[in-house]
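Here the structure comes first, spelled out in structure tokens, and everything after it is commentary.
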């Protein structure tokens, strides 16, 4: 692809690094931005810069937040005895959109995947185990995607906390095996949370 401007080429190359964006789509997006008023492009650049430099991670659940404690963890109406364990922020957003869960979350930041070089030490598992050890948590809901990596992560965490007085459950398999939570429709995901099953039962299936 030939460019008449190095500035244009650099912008296209950067946009093309985004997931699911090829060079042609990147070019179309960049040319669109060029047609917009400079103020609009400046606002976009500022928003991205502020997000990258100022965004925080909740000190309790590791969700993305503007402050040290996210709005969900700071909400006194949430049931702090029930924690839903998820992979990332997209899963929190997906479950919240169902309005079916009133507990708190714990964002692991990924799944155990030896093939990708991701082990338990690379995830927020230790802080989750510490929450259980403190004795305030009555139930953990495993809401990771039903993939081999998700099931491996669930089982690892279960082994770490099984000797403590905490109930473990997993979302019902209304979510097809291999599916990612963020792509599930709200009704199916909501029912999967409400109709969760004991984790021990899922190990036998």
Quiz item: Would it be correct to say that residue 39 is loosely packed, with under 15 Cβ neighbours inside 10 Å and either without any contact (Cβ under 8 Å) to a residue 60 or more places away in the chain or in the same structural domain as residue 140 (by TED's automatic domain parsing) (or both)?
Solution: yes
Exercise. With the checklist (1) under 23 Å from residue 162 (Cβ atoms); (2) out of contact with any helix residue (DSSP H, G or I) (no Cβ under 6 Å at 6 or more places or on another chain); (3) part of a loop (DSSP other than H, G, I, E, B) in hand, flag the one item residue 76 doesn't pass.
Key: (1)
Quiz item: Identify, please: which residue in the range 137-161 is modelled with pLDDT of 90 or more and assigned to a loop (DSSP other than H, G, I, E, B) and is, among those, nearest to residue 96 (Cα to Cα)?
Solution: 143
Practice problem: Would you mind finding the one in 95, 82 that is over 20 Å from residue 152 (Cβ atoms), in contact with a strand residue (DSSP E or B) (Cβ under 9 Å, 6 or more places away or on another chain) and in a helix (DSSP H, G or I)? | Solution: 95
Self-check item: Members of the range 17-27 that are under 14 Å from residue 1 (Cα atoms), surrounded by 14 or more Cβ atoms within 10 Å (Cβ to Cβ) and free of Cβ contacts under 8 Å to residues at least 24 places away in the same chain
Solution: 25, 26
Practice problem: Pairs only if they're at least six apart or on different chains, beta carbon under 8 angstrom, first in the range 88-106 and at positive phi, second surrounded by fewer than 22 Cβ atoms within 10 Å (Cβ to Cβ) and assigned to a helix (DSSP H, G or I); list them, first residue then second. | Solution: 99/190
Self-check item: Tally, over the range 48-68, of residues that are surrounded by 15 or more Cβ atoms within 10 Å (Cβ to Cβ) and out of contact with any strand residue (DSSP E or B) (no Cβ under 7 Å at 6 or more places or on another chain)
Solution: 1
Quiz item: Which residue, of 174, 178, is modelled with pLDDT under 95 and under 20 Å from residue 93 (Cβ atoms)?
Solution: 174
Quiz prompt | Tally, over the range 107-163, of residues that are touching a residue at least 60 places away in the same chain (Cβ under 8 Å) and either more than 16 Å from the chain's Cα centre (by Cα) or surrounded by fewer than 21 Cβ atoms within 10 Å (Cβ to Cβ) (or both) | solution = 3
Practice problem: Would you check if residue 46 is more than 30 Å from residue 161 (Cβ to Cβ), in a loop (DSSP other than H, G, I, E, B) and out of contact with any helix residue (DSSP H, G or I) (no Cβ under 6 Å at 6 or more places or on another chain)? | Solution: no
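The values are calculated or read from the model by the stated rules, or taken from the named source; none is laboratory data. Owing to the predicted nature of the structure, the values given are computational and were not obtained by experimental measurement. We place every Cβ from the backbone using ideal geometry, glycine too, and count neighbours over all the protein chains shown.
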